[in-house]
Amino acid sequence: MKTSPVTPADLRGSVLAVPPMPRHADGSINPEGNRLLLAHLRAGKVTTFMYGGNANFYNLGVAELGRVLDALTPLLAANDWLIPSVGADFGKAAEQVALLRERAFPTAMVLPLRFPANPVGVARGLGKLAERYGRAVIAYVKDEGYIDNADLAALVKEGSVCAVKYAIVRPDPRQDAVLADLVERMSPDLIISGIGERPVIDHFRTFGLRAFTSGSTCVAPALSNKIREALHAGDDATAKATRELFMPLEDARDATSPIRILHAAVDLAGIAPTGPIGEFLSVIDDEKIQDKLRAVAMDLLARNDAAVPRTRAAATAS
């Protein structure tokens, strides 16, 4: 498991998977379900696991975070990197980073609080969390006006923030004044394209980003990694053709719920039993949506398995 400080090479060395977290019927973590999912990702050369919204870390308590991480850690391989999330409110995040100081994770992502918060307050809060943690954190920018770019760049410069997950959705990802300004203020090597496969090519080519997160990689990690490798090789034609394979699942996520649809897709495709999502979120129980999603997820998985040099059965047995 990675324990060394975060570098740009770490960020671009793997797709940053944002997986769901399989649970038992009572809501507790399901180690075997998580083992199956991580093995599937690893078989597709995805070895960075960022646990955030898709895993419903928003609703984990302080003690529960410790139990979850202690259950996930034994499932990691030597070259894996697990990024936990804290927050979203400052009080819970402060207690969670105190808990994380006892563990070897090199950073944690701070989940964004939409209310009550303002840009100056967010900047000060991120700095205080990094100070209490004793390690730099990852800032998650999901909404315009969440934090001023100048303050964010200053936090990077002073060593309080080691990377920024940028996830503001635009109708045209190439037209993004906030992102353009941010890359003028800090290295694009430290900015992660945080909205999956749909905008990643534009984020790489228009703004110079070099890393990206994905939820749908949990169904098709080999294909998601193929996009990553193609982008770094300058092969946009391959990246675009491969990205199109993800669009049916991404469209389904956008139409209903990115978190709930992904949670269901991993289960319906037979990758791992995911169970309930956790508090304040419910599973997809509409049979019509399930039937359509099963077809989409299994088609994407079949295309992925055709690209994996060894069988998925061998991968999940490892």
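The values are calculated or read from the model by the stated rules, or taken from the named source; none is laboratory data. From a predicted model like this one, the values you see are computed outputs, not experimental measurements. Every residue, glycine as well, gets a Cβ built from its backbone with ideal geometry; the counts of neighbours run over all protein chains shown.
Filtered by the rule that a residue be of a type in the set (Val, Ile, Thr) and either over 23 Å from Gly278 (Cα atoms) or surrounded by fewer than 21 Cβ atoms within 10 Å (Cβ to Cβ) (or both), segment 47-67 gives Thr47, Val62. Inclusion of Gly44 among residues that are modelled with pLDDT of 95 or more, touching a strand residue (DSSP E or B) at 6+ places or on another chain (Cβ under 9 Å) and crowded, with 16+ Cβ neighbours inside 10 Å is not warranted. Is it true that Ala94 is aliphatic (A, V, I, L, M) and closer than 29 Å to Ile168 by Cβ? So Ala94 passes the test.
The set of residues from segment 200-228 being of a type in the set (D, E, K, R) and either under 18 Å from the mean Cα position of the chain (by Cα) or closer than 19 Å to Met50 by Cβ (or both) comprises Arg210, Lys226, Arg228. Looking only at residues in segment 145-197 that are charged (D, E, K, R) and surrounded by 20 or more Cβ atoms within 10 Å (Cβ to Cβ), the one that is nearest to Pro116 (Cα to Cα) is Lys165. Scanning segment 144-191 for residues that are within 22 Å of the chain's Cα centre (by Cα) and acidic (Asp, Glu) yields Glu144, Asp172, Asp176, Asp189.
Restricting attention to segment 78-114, the residues being part of a loop (DSSP other than H, G, I, E, B), more than 15 Å from the chain's Cα centre (by Cα) and of a type in the set (A, V, I, L, M) number 4.
Hey, can you tell me all the residues within segment 204-245 that are in contact (Cβ under 8 Å) with a residue 12 or more places away in the chain, outside any helix (DSSP H, G or I) and farther than 22 Å from Glu184 by Cα? Of everything in segment 204-245, those that are in contact (Cβ under 8 Å) with a residue 12 or more places away in the chain, outside any helix (DSSP H, G or I) and farther than 22 Å from Glu184 by Cα turn out to be Ser214, Gly215, Val219, Ala220. Total residues in segment 143-171 satisfying the condition of being closer than 23 Å to Val18 by Cα, in a loop (DSSP other than H, G, I, E, B), out of contact with any Gly (no Cβ under 8 Å at 6 or more places or on another chain) and not aliphatic (A, V, I, L, M): the figure is 5.
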